[in-house]
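Beneath this line is the structure, given in structure tokens, with notes to follow.
The values are calculated or read from the model by the stated rules, or taken from the named source; none is laboratory data. Keep in mind it's a predicted model, so treat the numbers as computed, not measured. Every residue, glycine among them, receives a Cβ derived from its backbone with ideal geometry; neighbour counts consider all protein chains shown. What goes into the accessible areas is simple: the full protein's heavy atoms, side chains included, and nothing from ligands, DNA or RNA. Shrake-Rupley method; radii C 1.70, N 1.55, O 1.52, S 1.80 Å.
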Amino acid sequence: MIALSPLELEALQVSLKISIWSIVWTFPVALALSWVLARKDFRGKSVLNAIVHIPLVMPPVVIGYLLLILLGRQGVIGASLFDWFGVSLVFTWQGAAIAASVVAFPLFVRPIRQALEAVDPRLEEAATTLGANHRQAFFAVTLPMVMPGILTGALLFFARALGEFGATITFAANIPGETQTLPLALYTATQTPGGDPVALRIMALSLLLAFVALLVSEWLARRSSIQLIGK
């Protein structure tokens with residue numbers, strides 16, 4: 001059994017808090033954009049699709065620096081947030097969650113979009129002929145059918161957010177108890193003389209979390225498939 005020090009437990013708690021909150025506020029955006037990309041044809045759709053997926057190919061450090069330019073205390077948006085509301089996101093766990101959300105966002109959108117594209121739109125049309133409006137038809141007919149895609153996207157997003165490093169350290173720094181996640185704690189341990197035992201424990205814990213996340217994703221996807229199609 002892995003015996004964690006208070007600092008390691010703190011890094012685990014920070015990682016879980018950042019990853020869970022990232023899912024909570026990213027899900028509505030991911031669902032809406034997935035629906036737009038799956039169901040709508042419009043000029044500029046390819047550009048929007050490229051913007052959604054560009055974090056997959058962009059170095060995370062570049063994303064962190066871009067967030068500094070936009071949301072930093074003197075940033076294009078960050079300066080207004082601080083002047084008008086006294087809100088500063090840089091060097092905070094909320095900023096770390098935003099960095100993780102941006103980096104992992106494509107992994108949330110892609111499975112939901114593929115699930116939406118597999119659903120026949122005529123099912124929603126049939127529901128509307130029975131008296132449901134479009135919103136009711138979506139939540140009653142389409143949303144349950146795309147639930148496996150949502151669960152898969154959420155778990156992939158969670159696992160990627162849990163392992164985020166470059167954008168987080170660039171935008172939110174490496175502050176114990178605030179923004180120091182498991183990858184950052186591992187990096188700190190590797191830079192500390194005699195820190196190898198700590199680094200090994202954190203590595204083992206990170207592997208365990210990733211393995212459990214993938215197992216849960218597979219179990220949830222199968223459970224949803226059984227409930228929807230009976231196999």
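Any idea what Rg and Dmax come out to for the range 164-222 if you just take the C-alpha atoms, in Å?
13.9, 46
Going by a ≥ b ≥ c, the root eigenvalues of the Cα gyration tensor, does the range 39-85 fall in the rounded group (a/c under 1.5), the prolate group (a/b larger than b/c) or the oblate group? Numbers along the way, then the final one.
Values: a/c = 4.35, a/b = 1.69, b/c = 2.57.
Since a/c reaches 1.5 but b/c is at least a/b, the shape of the range 39-85 is classed as oblate.
The range 1-77: which trypsin sites (Lys or Arg not before Pro) are DSSP loop and have at most 11 other beta-carbon atoms within 10 angstrom? Kindly include the intermediate steps, with their values, before the conclusion.
Numbers: sites: LYS17, ARG39, LYS40, ARG43, LYS45, ARG73; in loops: LYS40, ARG43, ARG73.
Counting only loop positions with at most 11 other Cβ atoms within 10 Å, the trypsin sites (Lys or Arg not before Pro) in the range 1-77 are LYS40, ARG43.
With the contact rule set at Cα under 8 Å and sequence spacing of 6 or more, what percent relative contact order holds for the chain?
29
Measure out, as a whole number of angstrom, how far apart the alpha-carbon centroids of the range 38-59 and the range 123-171 sit.
17
Roll a 1.4 Å probe over the protein chains and send me the accessible area per residue for the chain in Å².
56
Take each of the peptides 139-146, 80-87, average the number of other beta-carbon atoms within 10 Å over its residues, and list them starting from the highest.
Descending mean neighbour count gives 139-146, 80-87.
What value does the range 84-187 have for Rg/Rh, both radii from Cα atoms and Rh as Kirkwood defines it?
1.19
If you line up the Cα atoms of the range 14-64 on their principal axes, what length do they span on each, largest first, in Å?
Computed over the Cα atoms, the extents are 41, 25, 11 Å.
In the chain, with Lys and Arg counted as +1 and Asp and Glu as -1 at Cβ, which of these residues, ALA50, LEU208, ALA137, has the Cα nearest the positive end of the dipole, that is, farthest along it?
In the chain, that residue is ALA137.
In nm, to one decimal, how far is the modelled label at ALA79 from the one at ARG223, with both set 7 Å along Cα→Cβ?
It works out to 5.0 nm between the two label points.
Can you list, largest first and rounded to whole Å, the semi-axes you get for the range 41-142 by taking the square root of 5 times each eigenvalue of its Cα gyration tensor? Don't skip to the end; give the middle numbers.
Numbers: eigenvalues 270, 65, 31 Å².
With the √(5λ) rule applied to the range 41-142, the semi-axes are 37, 18, 12 Å.
Taking H as built 1.01 Å from N, whose amide H comes closer than 5 Å to the amide H of GLN180, not counting residues under 5 places away?
Amide H neighbours of GLN180: ILE175.
Give me the one-decimal nm value for the distance between modelled label points at LEU208 and ASN49, 7 Å along each residue's Cα-to-Cβ direction.
With each label point 7 Å from Cα toward Cβ, the separation is 4.2 nm.
Once neighbouring chains are kept in place and the probe is 1.4 Å, which whole percent of the accessible area of the chain is contributed by carbon and sulfur? If you can, show how the numbers build up before the last one.
Working: 8790 of 12850 Å².
It is 68 percent, rounded to a whole number.
How far apart, in nm, are two points set 7 Å out from the Cα along the Cα-to-Cβ line at LEU7 and at LEU56?
About 3.8 nm, to one decimal.
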